[in-house]
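Accompanying notes for the structure given below.
The values are calculated or read from the model by the stated rules, or taken from the named source; none is laboratory data. Computed from a predicted model, the values in this text were never measured in an experiment. Don't worry about glycine lacking a Cβ; one is built from the backbone with ideal geometry, like all the others, and counts go over all protein chains shown. Note: areas computed on protein heavy atoms with side chains; ligands, DNA, RNA excluded. Shrake-Rupley method; radii C 1.70, N 1.55, O 1.52, S 1.80 Å.
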Amino acid sequence: MFRFLFPGKLHPALLRSAVKAAATAISEHEQTLVDLCKPPAEEALQRFGVTENGLSEEQVETAREEYGSNLLSHKKEAGIVMELLRRCRNPLVIQLLVICTVMLLPIEGIQDLFSASIVGGMIFLSVALAYVQEHRSSKAVEKLHAMVQTNSLVLRDGKECEIPMAEIVPGDIIILQAGALIPVDLRLISAKDFFVGQSALTGESMPVEKHAAPAEVTGRGVVELQNACFQGTNVLSGTARGIAINTGGRTLFGSIAEKLSGQRAVTSFDKGIAGFTWLMIRFMVVMVTVVFLIVGITKHDWAEALLFGLSVAVGLTPEMLPMIVTVNLSKGAMAMSKKKVIVKRLNSIQNFGAIDILCTDKTGTLTQDRVILEKAVDVTNRDSDDVLRYAYMNSYYQTGLRNLLDRSVLSHTDLDVEHGCKKVDEIPFDFQRKRMSVVVDYQGDHVLICKGAVEDIYKACTHYQIDEEIHLMIDLIKDDLLEEYEELSRDGYRVLGIAYREFPQSKQTFSIADESDLILLGYIAFLDPPKGSAAKAIASLKKFGVATKILTGDNALVTRKICKDVGLEAQEVITGDQLLGLSEAQLGELAEKNDIFARLSPSQKESIITALQKRGHVVGYMGDGINDAPSMRSADVGISVDTAVDVAKESADIILLEKSLLVLEDGIIEGRKVFGNIIKYIRMGASSNFGNMFSVVGGSYFLPFLPMAPIQVLLNNLLYDASQVGIPSDYIDEEYLKTPRKWNIENIRRFMVYIGPISSIFDYATFFLMLYFFHCKLYSEAATSPEMKTYYENLFHTGWFVESILTQTLIVHIIRTNRIPFLQSIASPFLLLTTILTMLAGAALPYLPIGSHFGFVPLPAVFWAWIAGFLLCYMGLTHSVKVWFHHKYGID
């Protein structure tokens, strides 16, 4: 739930420390809850004027006017100015702000208002564009989140009704069952074998039993109250009813929300971006220091050296990175929504594309999730009306979470069980026993009817029944009886056992201990046929480098049959029992080698995922049940469906609007597209900056003047940034999408080292072209007037500026693809437009009136012939090195 209320994954330690702090300083609202937990539950009902039928509509409206909606009170949305200021805390933006401030200082030789205005324009472009895009993105994501709504079951005017959590008001009677999220802070008024998970609040993984009796509050923290439940925790087993005491910001979670908002665990995506950012900042600091010292020592003008160094710092700053990342993620989220994939946390998109192992349950993923009751048979595999009747009564009277099997039993036939039959008690399902029981007053006895996994039913049985005769179950007979069950399982049936035990009518209360000495009556067999698309989807995921592993609590025989039908190799099915006692290394090896695991507990699923992650895999987990929530939290990407139980949806990073592996495949591909375009910008920026280092350092050392005027460096960077605005719209090569993509800073470093210096070759060629072919050095040194000297220096600057902007922009098309550019791969129309306009602007500036303001002069016609040759050679050499690099180091 916490992930739903706040973007990003909240760090558990932050949450637990905040809860601990809240427990030592009880608020007024929490004190109200404590006060109502001391006396019997009737006092809480009286406090809110509630009857056993729940609130009336009039009471609901009155309460809503007084308390508001059940939503956490978020901070008022910051205005545009405050939001822009917040974005200025980015280290890249801070760097530009410092440079801009220095340029504005009223110091002779340092103050340069024109250059400062260009740096200011870059800051505005980076910050404002990122704000606009993220604002649009957040609005779009809010709409997507609205498609995945969490509801709660309440009692109003005597009727059970399902309403959005936000509509619950204090005084509402909440009906709770396994799988439900607890939507408010409440006081229990009734409970039956009721266990909740409070690990999100306390860090304690063990289930906590709750009851409705008055609580002893002395010396206990609020969370320890045994008759109170808290917003954000979840029901593990049993049933209960509670009265809502505190809602929205008045809940325990609401009281700590302010401390937690915005604090979240750092994802691999965040680490990758931060790693690149600081790599470039460190590189920039070294580069600027070297340039400053070289220019100061050789040109003997330290003010000019500082200004030029600052301009170089701006040129090396990847200030468009926040905007590129935001636009890519938001664009990816919207594209994924069109393919029925809802992104709850934008930064999870990159992990989604990096998945190389997908773990999933088989029900509804490999199968049609359309369970049909095919057989109700006795232990000899003959049709039995008694088995059908007992199974129907069990499903009819249970009040816990009805699964597909229960609904299938009830829809199979319509038996009149109300006549001559009355419910007495219930023992809810849990994942340790893997069975549940109801007790009914039937034919003069209290009959406990137990239904569950066959192996677990057998553990509770001492007898079996054939026709009207009851026999003792000895080991030899048990093996024969199991053969009938195994035969059904081999045929692909999902089989449950039905057993019973009769008690005298004087016994009124029942517990798990009464599920003993049962009589095995027979089996009910269900069929959930494989999906026609499952085999195709698994093969397609494999083609895209994603291995599919089945982690199911179902039995091995059914699992083997279904997996075989959909094309998964079922040579060996590993069961939960085989995992017991394995070391971490043994579990990791077994998890890597095998693809099908059956009869797993929730903790075993989680252990397999963790073992795979420790062996370097990026693991996605797809689930929709209560027992899937821990696995989804442990996985790199938790994936659920909009029909899942609440706790599963709230644990997920990604929600599928259709439970299909084909939909998942589309989402993974979109994730890789997003990551691919972000990496393009990073590779371009890193290689360009590294190449510029050699050019600027060398030029600063041997040239008699600066290689480029500070204002021209800034303008060059501004134009180059503009050319890359189209990157988020660019196409991705098909071969790039075929394998998972992960952050690899080392590979980015290598790419920078190998590709960057290529541009320096042509920078130096341009230096010598301008110095000796166009005689800039000779005429500058022999100039008879300051005007002539300035002209030839400006001619040099103009020549390198034009060559630099043309090569930098053109190289975008080389680096963006691993194919031959323009022939085998063409950029998107928008990227083509931005790069063409940038190159035209760079080429035209020397001939436009505005060009003189930047120190440009018209270039001789023959210069363009030389530049055309340089561009062709540059493209050919860079492409050749790029192909060699990817062959040697792979495509990052």
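The Stokes-Einstein estimate for the stretch 293-345, based on a Kirkwood radius over Cα pairs and taken at 10 °C with 1.306 mPa s viscosity, is a diffusion coefficient of 110 µm²/s.
Taking all Cα-Cα distances within the chain, those exceeding 56 Å account for 27%. Along the axis of the charge dipole computed for the chain (Cβ charges of +1 for Lys and Arg, -1 for Asp and Glu, origin at the Cα centre), the listed residues F870, I814, Y701 are led at the positive end by Y701. Relative to its residue count, the stretch 600-641 spans a Cα convex hull of 52 Å³ per residue. You can think of it this way: the chain between K459 and V883 has 146.3 nm of extra reach, that is 0.36 nm per residue less the Cα-Cα gap.
Before rounding to the nearest 500, sum -39500 (n - 2.57) across all DSSP H runs of length at least 4 in the chain and divide by the residue total; then give [θ] at 222 nm in deg cm²/dmol. Computed ellipticity for the chain at 222 nm equals -16500 deg cm²/dmol. Remark: the stretch 586-596, residue by residue, has Karplus-estimated 3J(HN,Hα) of 5, 5, x, 5, 5, 5, 6, 6, 10, 10, 10 Hz, where x stands for each Gly or Pro and the curve is 6.51 cos²θ - 1.76 cosθ + 1.60 at θ = phi - 60°.
For I168, the residues whose modelled amide H falls within less than 5 Å of its own, excluding neighbours fewer than 5 places apart on the same chain, are N70.
Over the stretch 484-574, the ratio between the Cα radius of gyration and 2.2 N^0.38 Å evaluates to 1.57. Less than 5 angstrom separates the built amide H of Y442 from those of V447, all sequence-distant by 5 or more or on a different chain. Distance between the 7 Å Cα→Cβ label points at S411 and I477: 3.8 nm. Computed over the stretch 753-892, the convex hull of the alpha-carbon atoms projects to a mean area of 9.7 nm².
What the Cα atoms of the stretch 465-624 give is an Rg and a Dmax of 19.8, 64 Å. In percent, rounded to a whole number, the relative contact order of the stretch 322-428 is 17, using alpha-carbon pairs under 8 Å and six or more apart.
For the stretch 739-754, backbone phi angles converted through the Karplus equation (6.51, -1.76, 1.60; θ = phi - 60°) give residue-by-residue couplings of 10, x, 10, 10, 5, 9, 4, 4, 5, 5, 4, 4, 4, 4, 5, 7 Hz, Gly and Pro being listed as x.
Each of T509, Q824, F429 was placed along the dipole of the chain (beta-carbon charges, centred on the mean Cα), and the one lying farthest toward the positive end is Q824.
To the nearest ten degrees, helix 786-815 and the longest principal axis of the Cα atoms of the chain are 30 degrees apart.
Using a 1.4 angstrom probe on heavy atoms only, work out the carbon and sulfur share of the accessible area of the chain in %.
Of all accessible area on the chain, carbon and sulfur atoms account for 57 percent.
Taking amide hydrogens as modeled 1.01 Å from N in the peptide plane, which residues meet the under 5 Å criterion relative to I596, leaving out close sequence neighbours? Sorted by chain and number, the residues that satisfy this are I550, I574. Only beta bridges with both residues in the chain are counted; by DSSP, about 75 percent of them are antiparallel. Take K789: with every protein chain present and a 1.4 Å probe, its accessible area is about 90 Å². Provide the FRET efficiency to the nearest 0.05 for the S190-R220 pair, computing r from the beta carbons and using R0 = 25 Å. According to the calculation, E is roughly 0.70.
What FRET efficiency would be calculated for the residue pair R89, A513, taking the C-beta separation as r and a Förster radius of 60 Å, to the nearest 0.05?
According to the calculation, E is roughly 0.50.
Can you give me the accessible area per residue for the chain, using a 1.4 Å probe, in Å²?
Working: 36620 Å² over 892 residues.
Here the residues of the chain average 41 Å² of exposed surface.
Around the Cα centre of the chain, unit charges on the Cβ atoms of Lys, Arg, Asp and Glu (plus for the first two, minus for the last two) sum to a dipole of about 3820 debye. A simple rule links phi to the HN-Hα coupling: the Karplus curve 6.51 cos²θ - 1.76 cosθ + 1.60 with θ = phi - 60°, which for the stretch 460-469 gives 9, 9, 10, 9, 9, 10, 10, 6, 9, 9 Hz, with x for Gly and Pro. Kirkwood analysis of the stretch 655-698, using all unique Cα-Cα pairs, places the hydrodynamic radius at 13.1 Å.
In terms of overall dimensions, the stretch 817-864 has a Cα radius of gyration and Dmax of 15.0, 41 angstrom. For the pair the stretch 531-550 / the stretch 790-853, the C-alpha centres are spaced 44 Å from each other. Pairs exceeding 22 Å between alpha-carbon atoms, taken from K210/K605; K542/K742; K561/K593; K536/K614; K340/K605: K210/K605; K536/K614; K340/K605. With the convex hull drawn over the C-alpha atoms of the stretch 436-525, the volume per residue is 97 Å³. Reported to the nearest whole Å, the Cα centre-to-centre distance from the stretch 716-747 to the stretch 458-520 is 62.
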